[in-house]
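Sharing a structure with you now.
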Amino acid sequence: DGGITQSPKYLFRKEGQNVTLSCEQNLNHDAMYWYRQDPGQGLRLIYYSQIVNDFQKGDIAEGYSVSREKKESFPLTVTSAQKNPTAFYLCASSPWTSGANVLTFGAGSRLTVL
Amino acid sequence: GQQLNQSPQSMFIQEGEDVSMNCTSSSIFNTWLWYKQDPGEGPVLLIALYKAGELTSNGRLTAQFGITRKDSFLNISASIPSDVGIYFCAAPNTGNQFYFGTGTSLTVIP
């Protein structure tokens, strides 16, 4: 079945450490996204990528980095520069076509800073 | 980024009751999407709407694309306990950037 796989599901980090969240999709979608979700707030865009080897900052990119070396993969690194990284992170993908755009989400990764 | 205005923020209903929620925007969209999110999981697409005035059903769920293209509505009929979760709307702009509502938390009391 086609879908998006995020790993790990749960991750604990000590302050000052970088961590990388994995996101893999087999939907053949061009566009991939990373969102952050905090309690009581809507989804906030961290980074997105429309094509391999290209990505754009979203609304809250500070303290995060991404890469898009393959169409299927869009890993997110949460760096030590991110002041408040404890959150639920969602990866998503979409066909890059005008009109019938639907966003497909992964199951999410919960990061906790100890 | 822009957010869609979603209401109500939360609902507590008895099993068997109908539920209505809506999203509004100051901008026009060509697509409206409705998702459900269970605790600790990723959102799952319920209904996608592509045409102003369109009314689409998925089982007990019915959604409508507002005629002005600035709003959308989701109705759930005869609610059951497994309907519990957070429902939110989404809409993409022409650059494939998605805007989201802040969600409606639904609690169904057996």
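Would you tally the net charge around residue A:44, using a Cβ to Cβ cut-off of less than 11 Å, leaving residue A:44 out, and scoring K and R as +1, D and E as -1?
Cβ neighbours under 11 Å give a net charge of -1.
Which FRET efficiency value, to the nearest 0.05, do you get for residue A:12 and residue A:81 by plugging their Cβ-Cβ distance into 1/(1 + (r/R0)^6) with R0 = 25 Å?
0.85
Just to confirm a number: summing +1 for Lys and Arg and -1 for Asp and Glu over residues other than residue A:71 whose beta-carbon lies under 15 angstrom from that of residue A:71, what do you get? Don't skip to the answer; put the middle values down first.
Numbers: positive: A:68, A:70; negative: A:24, A:30, A:54, A:69, A:72.
Summing Lys/Arg as +1 and Asp/Glu as -1 gives -3.
Let me ask something else. In sequence order, what are the phi-derived ³J(HN,Hα) couplings for the range B:36-51 according to the Karplus relation 6.51 cos²θ - 1.76 cosθ + 1.60 with θ = phi - 60°, rounded to whole Hz, with x for glycine and proline?
These are the phi-based 3J(HN,Hα) values: 10, 10, 7, x, x, 10, x, x, 10, 5, 9, 8, 10, 10, 10, 9 Hz.
Provide a whole-number value for the mean count of partner chain Cβ atoms within 10 Å of the Cβ atoms in peptide A:105-111.
That works out to 3 on average.
Let me ask something else. Pick from A:13, A:36, A:68: which residue has the top mean-square fluctuation in a GNM of chain A where Cα pairs under 10 Å get a spring?
Fluctuation is largest for A:13.
Please compute the average number of Cβ atoms from other chains found within 10 Å of each residue's Cβ in peptide B:93-99.
6
In nm, to one decimal, how far is the modelled label at residue A:26 from the one at residue A:54, with both set 7 Å along Cα→Cβ?
About 2.8 nm separates the two model spin labels.
Summarise the accessible area of chain A (1.4 Å probe, protein heavy atoms) by the percent that is carbon and sulfur.
47
Shifting gears a bit: Pull out a ≥ b ≥ c, the square roots of the eigenvalues of the alpha-carbon gyration tensor of chain B, then state rounded if a/c is under 1.5, prolate if not and a/b is larger than b/c, and oblate in the remaining case.
Note, shape of chain B comes out prolate.
Just need the relative contact order of chain A here, percent rounded to a whole number, with Cα pairs under 8 Å and 6+ apart.
Dividing the mean separation by the residue count of chain A yields 35 percent.
Another question, if that's okay. Sorted by mean Cβ packing within 10 Å, highest first, what order do the peptides A:46-59, B:8-21 take? Present the calculation step by step, with values, prior to reporting the outcome.
Numbers: A:46-59: 16.5, B:8-21: 13.6.
Highest to lowest by the protection proxy: A:46-59, B:8-21.
The values are calculated or read from the model by the stated rules, or taken from the named source; none is laboratory data. These numbers were taken from a predicted model, which means no experiment stands behind them. Cβ atoms come from the backbone with ideal geometry, glycine included; neighbour counts cover every protein chain shown. Ligands, DNA and RNA are stripped out before the accessible areas are found, and what is left, the full protein with its side chains, is counted by its heavy atoms. Shrake-Rupley method; radii C 1.70, N 1.55, O 1.52, S 1.80 Å.
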